[in-house]
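Engineer: I have a structure I would like to understand better, so I am pasting it below and will then ask my questions one at a time.
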Amino acid sequence: QSQELSQVQIDYHAALQALVEDGTRMVCTGRMHTDRICRFESLCYSTEAEEFVFFHSNASVMLPNLGSRRFQPALLDLSSVEDHNTQYFNFVELPVAALKFMPKPVFVPDVALIANRFNPDNLMHVFHDDLLPIFYTMQQFPDLDLESRLFFMEGWSEGLHFDLYKLLSNKQPLLREQLKTLGRLLCFTKSYVGLSKITTWYQYGFVQPQGPKANILVSGNEIRHFSKFMMEKLNVSLEESASEEYIVVFSRTINRLILNEAELILALAQEFQMKTITVSIEDHSFSHIVRLISNASMLVSMHGAQLVMSLFLPRGATVVELFPYAINPEHYTPYKTLSVLPGMDLQYIAWQNTDQENTVTFPDRPWDQGGIAHLDKAEQERIIKSKEVPRHLCCRNPEWLFRVYQDTRVDILSLIQVIRQTVKLKPGPKKQKWTSDLYPGKVRDAKCQASVQGTSEAKLSVSWQIPWNLKYLKVREVKYEVWIQEQGENTYMPYILSHQNHTFSENIKPFTIYVVWIRCIFNKNLLGPFTDVLLCST
Ligand code: UDP
């Protein structure tokens, strides 16, 4: 491995001089350790101490300079999983003078992205925690281009899906263990530390039961942009004119099996009059699976990490997720949340086995495959009797593991019925054009005019101009929402209007000041911003 780094020539003497004279320089974005990414020059790493080192000189820079708050709890999260205490990053500090007594530094010439993978053997974690965050962290910082190099510091070996990580840059990613072979003191000329969390949509239940993240910031557009990048790297081309429509059953072969898979495939093929094929991670290459999924009309699979591959489905396709007995689909929604992201344009359907006769349990397996033999008898009995796993925290809840690793005989009639409630005719991409949803701008030139009739009646005429961007758009339906509030009151009267002016007379009193807000709404649910408040005196 050690010859790896010498691909880019650097002037060793100049690099050493920069380190000795300028020390380490760090400038970060983000206000807290959970949203921070730092850019470093001359960040070093001692492979013996397994510690990052910040060298202080007169010219070194440390922003933010947190003092001892740097340890409360850390400078930043190295993985995209928020505030996980096994994923923190920090460095130790030394004066540059200490270099005299240290091993000769080996310089890393490539721009480095230094991060942790969270769980590289699980496909959902690979995509959600690592690949998407790495991809968009690289988009955020222009020097993290295809010539930059990934450094994975979590300490795992390559893992099952290392080939996928290799697609993100032209240089071989390096693992923590491999750093030892490069030298005792490594110094990264230029590096970024930490990952953007902007694309993550799910929290795994470390502090509260699992579920969608509270504030999802990613839409289907960005997911699909990433999928397209991966497909290009995998040499999978999108077939625009799909020759034949088909259904993919993504099967698991080791555990959480569909026991009547052959029957299921026949039934799907017959019901939808479509070819139906199975794939599995064990039997097919990744690019083969991606090629099939990217043109499929429907993807059917047991709940499980392989379902993250639905991010390769074409718009309009249907995802059918099967849940074993006693697993409430509403409580485990990583793949549902993905499918229903705005702009993913997938139809999502969950089916659950509700018939205890159709489930096969494995109480005698090891605990991490759902065995419960290690629990006391009363607890085992309670679990076996229970009809639903109660909400729980990650990751070792034995009742959850027991239930999620059941095999299932799928009740074909009930499954088809559930799918038919959503898919009326044929599943799969409609020939319709997908337009992105654009929001209205502010309405313009809002004005009001009051007229008083006698001592008890008044009218308020409000008018405005269309939002500026509307004249460039084709919008099916344009409406306006007007709120009228008597100054100083807490309540307001909302109105939905179709025209650009309206005279209000209901509940309008003379000699009163009204506060008026107006916004435009496209197609019922695309709400624009309100105007600045309009003050109207009658
Ligand atoms: N896996 C698989 N076939 C199996 C069992 C597991 O391909 O029969 C894959 C699964 O897709 C995931 C990894 O192995 O990428 C770990 O599976 P596990 O059951 O631990 O996690 P889950 O799928 O529940 O997230």
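Engineer: State yes or no: is Leu164 under 20 Å from the mean Cα position of the chain (by Cα), within 16 Å of the ligand (Cβ to nearest atom) and surrounded by fewer than 20 Cβ atoms within 10 Å (Cβ to Cβ)?
Structural biologist: Against the criterion (under 20 Å from the mean Cα position of the chain (by Cα), within 16 Å of the ligand (Cβ to nearest atom) and surrounded by fewer than 20 Cβ atoms within 10 Å (Cβ to Cβ)), Leu164 qualifies.
Engineer: Output yes when any residue across segment 274-297 is within 16 Å of the ligand (Cβ to nearest atom), assigned to a loop (DSSP other than H, G, I, E, B) and surrounded by 21 or more Cβ atoms within 10 Å (Cβ to Cβ), and no when none is.
Structural biologist: no
Engineer: Then there's this: Show the residue pairs meeting these rules: Cβ distance below 7 Å; 6+ apart or different chains; first residue within segment 287-312 and under 16 Å from Thr333 (Cβ atoms); second residue more than 15 Å from the ligand (Cβ to nearest atom) and part of a helix (DSSP H, G or I).
Structural biologist: Ser310/Ser339; Leu311/Ile223; Leu311/Ser227
Engineer: Look at segment 513-528 and say how many of its residues are in contact with a strand residue (DSSP E or B) (Cβ under 6 Å, 6 or more places away or on another chain) and assigned to a loop (DSSP other than H, G, I, E, B).
Structural biologist: The qualifying residues number 1.
Engineer: Going by what's in this entry, would Phe118 be described as surrounded by 14 or more Cβ atoms within 10 Å (Cβ to Cβ) and within 16 Å of the ligand (Cβ to nearest atom)?
Structural biologist: yes
Engineer: I'd like the full set of residues that are within 17 Å of Ala15 (Cα to Cα) and surrounded by fewer than 20 Cβ atoms within 10 Å (Cβ to Cβ), limited to segment 30-45.
Structural biologist: Glu41
Engineer: For segment 347-358, does any single residue satisfy the condition of being within 15 Å of the ligand (Cβ to nearest atom), of a type outside the set (Val, Ile, Thr) and either under 22 Å from the mean Cα position of the chain (by Cα) or within 30 Å of Tyr439 (Cβ to Cβ) (or both)?
Structural biologist: For segment 347-358, residues within 15 Å of the ligand (Cβ to nearest atom), of a type outside the set (Val, Ile, Thr) and either under 22 Å from the mean Cα position of the chain (by Cα) or within 30 Å of Tyr439 (Cβ to Cβ) (or both): absent.
Engineer: Let me ask you something else. Do you know which residues across segment 482-506 are more than 14 Å from Val462 (Cβ to Cβ) and out of contact with any Phe, Trp or Tyr (no Cβ under 8 Å at 6 or more places or on another chain)?
Structural biologist: Correct list: Gly488, Glu489, Asn490, Thr491.
Engineer: Does Ile484 satisfy being among the hydrophobic types (A, V, I, L, M, F, W, C), without any contact (Cβ under 8 Å) to a residue 40 or more places away in the chain and surrounded by fewer than 11 Cβ atoms within 10 Å (Cβ to Cβ)?
Structural biologist: No.
Engineer: Report the residue count in segment 305-332 for those that are of a type in the set (Ser, Thr, Tyr) and within 14 Å of the ligand (Cβ to nearest atom).
Structural biologist: Residues flagged as of a type in the set (Ser, Thr, Tyr) and within 14 Å of the ligand (Cβ to nearest atom) within segment 305-332 amount to 2.
Engineer: Condition first: surrounded by 24 or more Cβ atoms within 10 Å (Cβ to Cβ) and under 13 Å from Arg149 (Cβ atoms). Now tell me which residues in segment 187-202 satisfy that.
Structural biologist: Passing the criteria: Phe188, Ser191, Tyr192.
Engineer: Restricting to segment 389-414, count the residues that are under 25 Å from the mean Cα position of the chain (by Cα) and more than 14 Å from the ligand (Cβ to nearest atom).
Structural biologist: Qualifying residue count, segment 389-414: 3.
Engineer: Scan segment 406-450 for residues that are touching a Gly at 6+ places or on another chain (Cβ under 7 Å), at pLDDT below 95 and surrounded by 11 or more Cβ atoms within 10 Å (Cβ to Cβ) and jot them down.
Structural biologist: Hits for segment 406-450 are Gly428, Pro429, Lys430.
Engineer: Next question, about the same structure. For Val248, indicate whether it is in contact (Cβ under 8 Å) with a residue 12 or more places away in the chain, crowded, with 20+ Cβ neighbours inside 10 Å, of a type in the set (A, V, I, L, M) and within 16 Å of the ligand (Cβ to nearest atom).
Structural biologist: The answer is yes for Val248.
Engineer: Here is a further query. What residue, of Glu232, Glu261, Glu239, is within 16 Å of the ligand (Cβ to nearest atom) and not polar (S, T, N, Q)?
Structural biologist: Result of the check over Glu232, Glu261, Glu239: Glu261.
Engineer: How do the pairs read when you match residues in segment 119-135 that are closer than 16 Å to Ile216 by Cα with residues anywhere that are more than 10 Å from the ligand (Cβ to nearest atom) and charged (D, E, K, R), using Cβ under 7 Å and keeping only pairs 6 or more apart or on different chains?
Structural biologist: Matching pairs, first to second residue: Pro133/Lys197.
Engineer: Kindly evaluate Phe55 against the criterion of being among the hydrophobic types (A, V, I, L, M, F, W, C), out of contact with any Gly (no Cβ under 8 Å at 6 or more places or on another chain) and under 16 Å from Val108 (Cβ atoms).
Structural biologist: no
Engineer: Could you say which residue among Phe229, Phe312 is surrounded by fewer than 17 Cβ atoms within 10 Å (Cβ to Cβ) and aromatic (Phe, Trp, Tyr)?
Structural biologist: Phe229
The values are calculated or read from the model by the stated rules, or taken from the named source; none is laboratory data. Owing to the predicted nature of the structure, the values given are computational and were not obtained by experimental measurement. Don't worry about glycine lacking a Cβ; one is built from the backbone with ideal geometry, like all the others, and counts go over all protein chains shown.
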